[in-house]
Amino acid sequence: MGRQWRRRPARSPVRTRGGIVRRQILLQADRAGRISGAIPSPARRHRSALGAVRVRRDGRPCRIPVRPSGSRPGSHPQFGDPQDLCEPPHRNRPPARARLSRTGSEPRLRQRHPRADARRQHLGRSQRQAWRQRHAPLHSVRPPGRRVNVLEAFARQVADHPDRPAIIDGRGRTTTYVELDRRAAALASAWRARGLKRGDRVLIALPLDADLYAGLAALWRIGAAAVLPEPALGLYGLRHAVAATAPRALLAAGLYRLLPWIAPAVRRIPLRLGLGHAAGHADPEDVPPDTPALISFTSGTSGAPKAIVRTHDFLVAQDAAVAPLIDARGRPEVDLVAFPVFVIANLGQGITSVLPNWRLRDPAGAAGAAIRSHAERHGVSRLLLSPALAERLAKSGFPSGAHTLFTGGGPVFPDLVARIAEAAPALRTVSVYGSTEAEPIAHVEASHISAGDWAEMRRGAGLLAGTPSERARVRIVEDEIWVAGGHVVSGYLDPAHDRSTKVRDDQGITWHKTGDGGRFDEAGRLWLRGRIDARVGTLWPFEVEARFRLLPGVERAALCSRASRPVVAIEGDAACLPVWRDAADDMRAEIVHISRIPMDRRHGSKVDKPALQRLVER
């Protein structure tokens, strides 16, 4: 074996063109050119580990390259081929520099190398000694990180209830749990063969049916992230999603396959995926908890839609937060679901989800009678609907087999709760408060609203949101509702959006500023006052609107301003104007009768304040 040289111990890290050499290792080469031996223990040879080491073999000097942490396999323009560590150096190959990253890294060894396992064992034993000598370890001293997959709960339901219907789409087609699982496995196998891999972003343009959720499950098996544009925003929302996320693949079916011809931004997406015949099987891949699984967008009512990244760990936490609310208590429930996030939660709970038979882009066009017949046809027992759809059913009649209504996605005003109770006295109604970034935050059952609560809302106390969710931490800071928890989004895809909505306290907890005004009562229940940026002087939107909606002849009411003075826009019977004006005297507000108050395009349950302001200022 040839002689060995080493430089004098360095008093400080050695700086090279590739960065700072934190530690360099001493290896030995036998006459066949293979690496043998193990890395010297830092306790015995720590001085030699501080400087660069040269190994002389067959009378010719050579340097041993070490693959930097985080670098990609292959030839490096400065440090040569990292596989040289396990191959005899060629006589004509130029010497390569040896270095480690700032945090240290284990050398990349080929599995067939006879010393690979022994070397890893030695590295594991030497970690404590390396730290004592203040050397960066060659690999992390922490145990292997936790790995998860949001499909774990779904897999349990497939095993327990394989033949139970998982999804019934708007056309009445039924897909069982085992059929959905097999479809997802086959799609994942086909897409993986096409080159889709973990971490890729895939733009979703699919009809609302079982294939949508099979496609999501297939992507999560691979570890890819699904990008869901906001349906209510149409082509603008699609272009915005492409610009914000830069997806690598497009998953489209039906007429959505024409999108590349309509939108040039979609045409530039390199990989095209489809839902054609797929064979094969791909098992779910466990991924690090912070692996993105779903990218969705806010409604854009208060500005440009913000991209929200939901990781696998986040979706697991969100399902855990939603589970107590939708718990079936062992009964085979059938839910009519208007919110995709609850369909995902239902798949993990073994609950059958009936998908809408109306267009999500046009909630105002949904007919109450058609919704009722759709629900009765498929034996729906629970309803998960927006307040606008609940209002339509209150007029046309609720499905005969439904025993529970969950409503949210917009303010649930007391007059709507009263109409529902009048139309279906036996129906259990639960109002859910949440946001795109945090759902759920709080909820309240209509039967728990006391006579005193009704009197408070008539006097202008706001909307009773109820008790905060078990997994949500809620606080009021300068009249604003802040929320934290595992199911609360800690940041947006664009960090610039975090500055105005995220706050990190001295305990390391990230709080989301909802932008909603609120307060707690003596019982610890949360009351909503309305959007902070929609206040007019000292008047809060929900406190004014809930009060006016309980007056005779009022269908809807909305607070806005004109010339810096408060205005209450009312949709309803104009014959009741004198009563409305009397109620506005104490707040010195002007009453404006409007034939139709504009509502948001997402759920049809929130007032479109910019459009309303334009109407009032005419």
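The values are calculated or read from the model by the stated rules, or taken from the named source; none is laboratory data. Bear in mind the structure is a predicted one, so any value in this text is a computation, not a measurement. Because the Cβ atoms are built from the backbone with ideal geometry, glycine has one as well, and the counts that use them run over all protein chains shown. Accessible surface areas use protein heavy atoms only, side chains included; no ligands, DNA or RNA. Shrake-Rupley method; radii C 1.70, N 1.55, O 1.52, S 1.80 Å.
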When residues of segment 341-369 are limited to those that are open to solvent by 20 Å² or more (accessible area, probe 1.4 Å) and at pLDDT below 85, the one farthest from Gly485 (Cα to Cα): Gly365
Hey, can you tell me all the residues within segment 190-217 that are open to solvent by 20 Å² or more (accessible area, probe 1.4 Å) and assigned to a strand (DSSP E or B)? Arg201
Answer residue from segment 568-583, given it is of a type in the set (A, V, I, L, M) and either modelled with pLDDT under 90 or over 13 Å from Ala558 (Cβ atoms) (or both) and is surrounded by the fewest Cβ atoms within 10 Å (Cβ to Cβ) among those: Ala575
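Scan the strands (runs of 3 or more DSSP E) fully inside segment 218-279 and keep the ones with 3 or more residues being buried (at least 18 other Cβ atoms within 10 Å of the Cβ). Break it down stepwise before answering.
Working: elements: 225-227, 249-252, 271-273.
Because the criterion is at least 3 residues that are buried (at least 18 other Cβ atoms within 10 Å of the Cβ), the strands (runs of 3 or more DSSP E) in segment 218-279 that meet it are 225-227, 249-252.
With respect to Pro324, determine if the residue is open to solvent by 30 Å² or more (accessible area, probe 1.4 Å), under 30 Å from Ala611 (Cα atoms) and touching a residue at least 40 places away in the same chain (Cβ under 8 Å). Please lay out each step first, then the result.
Working: open to solvent by 30 Å² or more (accessible area, probe 1.4 Å): yes; under 30 Å from Ala611 (Cα atoms): no; touching a residue at least 40 places away in the same chain (Cβ under 8 Å): yes.
For Pro324, the condition - open to solvent by 30 Å² or more (accessible area, probe 1.4 Å), under 30 Å from Ala611 (Cα atoms) and touching a residue at least 40 places away in the same chain (Cβ under 8 Å) - is not met.
Is at least one residue of segment 586-599 under 16 Å from Phe413 (Cα atoms), open to solvent by 20 Å² or more (accessible area, probe 1.4 Å) and touching a residue at least 60 places away in the same chain (Cβ under 8 Å)? Break it down into steps so the answer makes sense when it comes.
Looking only at segment 586-599, we keep the residues that are under 16 Å from Phe413 (Cα atoms), and these are 597, 599.
Filter again for open to solvent by 20 Å² or more (accessible area, probe 1.4 Å), leaving 599.
Still in the list and also touching a residue at least 60 places away in the same chain (Cβ under 8 Å): 599.
Yes: segment 586-599 contains one or more residues that are under 16 Å from Phe413 (Cα atoms), open to solvent by 20 Å² or more (accessible area, probe 1.4 Å) and touching a residue at least 60 places away in the same chain (Cβ under 8 Å).
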With respect to Ala523, determine if the residue is closer than 28 Å to Thr404 by Cβ, in a helix (DSSP H, G or I) and small (Gly, Ala, Ser). no
